[in-house]
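Working notes, beginning with the structure itself.
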Amino acid sequence: MSFGQIQGNEKLVNRLSEAIKKGNVSHAYIFEGEAVLDKKAFAEAFVKAVLCEEEPGIGCGRCASCRKIEHGNYEDLIYVQADGSSIKDEAIEKLQERLKTKPYGPRNIAVISDADTMTLRAQNRLLKTLEEPAEGTILILLSENIENLTQTILSRCVKFRLNYFGQESYEGMMETARAVADLLLEGQPFYKRKEAISEIMKDAGKTGAFLDALERVYRDLLIEPSEKGRLYKKSQIYKNVSMIEQTRRQIQRGVAKSYALKDLMIKIGG
Ligand SMILES: [Zn+2]
């Protein structure tokens, strides 16, 4: 997947792409997003965009570095992931040793999956690398919930939240969200709204994606006044967006996803 193919995150992709073109690449990033999201694919698309000389900021998909990243055999790209339920101190120690070796290409890049499962010792060890990174090194932390990372780690990384993406699934989720918005606009009762999101209620991993999609539907109504858009009061749209954001915060604080979603479906209006 190239950076340009990632849907649902256009703003973020454009911002990162422009920064890369200007040579403005940070040494540490956190990409936060739902478990269902292929954050590793996003990170790899980003790495391609950083390293590609044919299409900097995007990634051509054809040059040696783009192809090697795609096939998982780029020499300077190091992957770290949880061993069992956590990333242990030793794994970070090993990473640090590896980062001391000179890259074949322009830079060493590490992608740490499930970064929020790092033990406290592992986090403290990683901090040293974040404080004094070797020239050119990029650390990319992927996380489902950044609340589990220490403040000191968070303060040394550039943080971005990923929206839902995926080739077919993105449109599918937008369709569900549009259907729900229509039901709300028509003032349909709760049981109908619940029916419309039954698939999401069954699979809590999709909750964040649905919230992103629903927010998108309302934000689109604000930007492009359509025939449907005229049926809404602007104040109601703003209210709905803020309710969606509130639901997201509740979930971050540990409220069960299904409960938070049900609560939103009861309170939100059309
Ligand atoms: Zn390329």
Residues located in the stretch 118-141, provided they are outside any helix (DSSP H, G or I) and among the acidic types (Asp, Glu): Glu132, Glu135
All positions within the stretch 15-31 that are touching a Leu at 6+ places or on another chain (Cβ under 9 Å) and buried (at least 22 other Cβ atoms within 10 Å of the Cβ): Ile30, Phe31
The stretch 111-127: number of residues that are more than 25 Å from Ile251 (Cα to Cα) and either surrounded by 18 or more Cβ atoms within 10 Å (Cβ to Cβ) or modelled with pLDDT under 95 (or both): 4
Members of the stretch 166-214 that are free of Cβ contacts under 8 Å to residues at least 24 places away in the same chain and in contact with a Ser or Thr (Cβ under 8 Å, 6 or more places away or on another chain): Ala196, Glu199
Residue among Lys39, Lys48, Lys68 that is basic (Lys, Arg) and surrounded by fewer than 22 Cβ atoms within 10 Å (Cβ to Cβ): Lys68
Failed item, numbered, when Gly254 is tested on (1) within 30 Å of Tyr79 (Cα to Cα); (2) touching a residue at least 40 places away in the same chain (Cβ under 8 Å): (2)
Residues satisfying the stated conditions in the stretch 125-146, i.e. among the small types (Gly, Ala, Ser), in contact with a helix residue (DSSP H, G or I) (Cβ under 8 Å, 6 or more places away or on another chain) and closer than 16 Å to Leu77 by Cβ: Ala134
Matching helices (runs of 4 or more DSSP H) fully within the stretch 160-270 where at least 1 residues are closer than 23 Å to Gln5 by Cβ and modelled with pLDDT of 85 or more: 169-185, 207-223
Within the stretch 1-117, helices (runs of 4 or more DSSP H) holding 1 or more residues that are among the hydrophobic types (A, V, I, L, M, F, W, C), within 16 Å of the ligand (Cβ to nearest atom) and touching a residue at least 24 places away in the same chain (Cβ under 8 Å): 10-21, 39-51, 64-70
Sole exception among (1) under 25 Å from Asn9 (Cβ atoms); (2) out of contact with any Leu (no Cβ under 9 Å at 6 or more places or on another chain); (3) modelled with pLDDT under 90 for Ile146, by number: (2)
Residue check, Gly57 of a type in the set (Gly, Ala, Ser) and under 23 Å from the mean Cα position of the chain (by Cα): yes
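The values are calculated or read from the model by the stated rules, or taken from the named source; none is laboratory data. These numbers come from a predicted model, not from an experiment. Heads up, the Cβs are rebuilt from the backbone with ideal geometry, glycines too, and the neighbour counts pull from every protein chain shown.
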